[in-house]
1. Is it the case that residue 53 is open to solvent by less than 80 Å² (accessible area, probe 1.4 Å) and closer than 13 Å to residue 21 by Cα?
2. Mind counting the residues in the stretch 110-121 that are open to solvent by 60 Å² or more (accessible area, probe 1.4 Å) and either touching a residue at least 24 places away in the same chain (Cβ under 8 Å) or over 23 Å from the mean Cα position of the chain (by Cα) (or both)?
3. So which residues in the stretch 2-17 are within 15 Å of residue 82 (Cα to Cα), open to solvent by less than 70 Å² (accessible area, probe 1.4 Å) and not in a strand (DSSP E or B)?
4. Can you name the number of the only condition in (1) touching a residue at least 24 places away in the same chain (Cβ under 8 Å); (2) open to solvent by 20 Å² or more (accessible area, probe 1.4 Å); (3) over 21 Å from residue 34 (Cα atoms) that residue 78 fails?
5. Of the numbered conditions (1) open to solvent by less than 90 Å² (accessible area, probe 1.4 Å); (2) in contact (Cβ under 8 Å) with a residue 40 or more places away in the chain; (3) part of a loop (DSSP other than H, G, I, E, B), residue 124 satisfies every one except a single condition; which is it?
6. Quickly run through the stretch 165-181 and pick out the residues that are surrounded by fewer than 18 Cβ atoms within 10 Å (Cβ to Cβ) and either under 11 Å from residue 88 (Cα atoms) or not β-branched (Val, Ile, Thr) (or both).
7. Quick check on my filter: what residues within the stretch 124-178 are within 19 Å of residue 106 (Cβ to Cβ), of a type in the set (Gly, Ala, Ser) and out of contact with any helix residue (DSSP H, G or I) (no Cβ under 7 Å at 6 or more places or on another chain)?
Amino acid sequence: MSDKNVQTLSSPDKPGIVHGVSGLLLQHGANIEEAAQYNDDATGLFFMRVQFASGAAAPADVEAALHGLAAEWHMSIELKPAAKRMRTVILVSQHGHCINDLLFRYKSGLLPIDVAAIVSNHRDFYQLAASHNIPFHHVPINAATKPEAEAKQLEIIANEGAELVVLARYMQVLSDGMCRELSGRAIN
């Protein structure tokens, strides 16, 4: 664990989670730099993301304490160095403003991602992908070919080792199966 880390968690919602996490970090001399949380009333789950600096505490001690808290409170927790860049696949259709913005921020170092590939159901952005040295995959899709097309997209995502899938004006409704496969690692 490095000095700056990002901890994400999900848990059944109950009072005291924020206090438990922030108190534990304070107890270990860590400093919270960013925090975000969300309660999902439909599922009864609580989600939290905290970026913190370990400070004077031994990083291994902070990590062990967080995992102990997670076990005690039945949380699913993940801890990563803040500097770690996420391998990302971008899905796009024909509207270019989102992909242009993402690629600008990526190349400028403003987004902590590595764009592994761009996948599109149209050929419009293959030259843009090439200009950024990013592999481009054309996967046409219609009602009749949707299962095969989504299987191909999931294969590309898996082969690229993507941790994150960004739908950048991807104008297709994802099937339930695709949504399940990308659960927790896709953003629109």
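The values are calculated or read from the model by the stated rules, or taken from the named source; none is laboratory data. Note that the coordinates shown come from a computational prediction; the quantities given were computed from them, not determined experimentally. All Cβ positions, glycine included, derive from the backbone under ideal geometry; neighbour counts span all protein chains shown. When the accessible area is computed, the model is the full protein with side chains, heavy atoms only, and any ligands, DNA or RNA have been set aside. Shrake-Rupley method; radii C 1.70, N 1.55, O 1.52, S 1.80 Å.
1. Spelling it out, it is not the case that residue 53 is open to solvent by less than 80 Å² (accessible area, probe 1.4 Å) and closer than 13 Å to residue 21 by Cα.
2. At the first step, the residues of the stretch 110-121 found to be open to solvent by 60 Å² or more (accessible area, probe 1.4 Å) are 110, 112.
Those left that are additionally either touching a residue at least 24 places away in the same chain (Cβ under 8 Å) or over 23 Å from the mean Cα position of the chain (by Cα) (or both): 112.
Qualifying residue count for the region: 1.
3. Correct list: 2 only.
4. (3)
5. (2)
6. Here is the first cut: in the stretch 165-181, the ones surrounded by fewer than 18 Cβ atoms within 10 Å (Cβ to Cβ) are 167, 169, 171-173, 175-177, 179-180.
Residues satisfying the conditions are 167, 169, 171, 172, 175, 176, 177, 179, 180.
7. 129, 130, 131, 161, 162 - these are the residues of the stretch 124-178 that are within 19 Å of residue 106 (Cβ to Cβ), of a type in the set (Gly, Ala, Ser) and out of contact with any helix residue (DSSP H, G or I) (no Cβ under 7 Å at 6 or more places or on another chain).
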